[in-house]
1. Quick one: in the stretch 55-71, of everything that is more than 13 Å from residue 24 (Cβ to Cβ) and more than 11 Å from the chain's Cα centre (by Cα), which residue is surrounded by the fewest Cβ atoms within 10 Å (Cβ to Cβ)?
2. Taking the stated definitions as given, is residue 41 within 20 Å of the chain's Cα centre (by Cα), hydroxyl-bearing (Ser, Thr, Tyr) and closer than 30 Å to residue 8 by Cα?
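FYI, it's all coordinate maths here, none of it is from the lab. None of the values given here were measured: they were computed from a predicted structure. Note that each Cβ is placed from the backbone with ideal geometry, even for glycine, and that neighbours are counted across all protein chains shown.
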Amino acid sequence: MQISTQIFWLVILSMIVASIAWTVTQEEIFREIREKCEERSQNCGSLLQRKFFYVFTCEYCFSHWVTILILILTGFQLLLDDWRGYVLAFFALPWLANQWMSLYRRLRVGIKHENVKAKVVEGQLE
């Protein structure tokens with residue numbers, strides 16, 4: 001695969017990883033499940049169980065598991081056409097996905113800030 005094609009795949013797949021990881025770990029639709037996992041991650045007896053449930057509350061951690069699934073489904077390899085390409089893709093995909101999630105979080109905070117400022121100004125005008 002040409003490097004330009006690999007970069008295209010890397011960007012698109014990282015957006016998919018980011019979308020899935022963000023939705024599961026941050027959005028309202030999974031809130032109840034996430035709260036249950038958070039509670040279990042703090043109260044389970046074994047370390048392995050606590051870490052298992054913690055994965056569903058952390059977008060960074062969860063993005064690595066999503067990446068494994070994406071790599072299995074797509075067979076995407078980065079730079080090298082053997083097992084090393086999978087290893088490189090395994091580290092590059094969640095890194096880029098987490099950059100997308102950071103940008104998205106910053107954008108959402110900015111939007112919320114602007115909405116609050118607009119409501120304050122509206123209140124002052126009334």
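1. Here the residue is 68.
2. So residue 41 fails the test.
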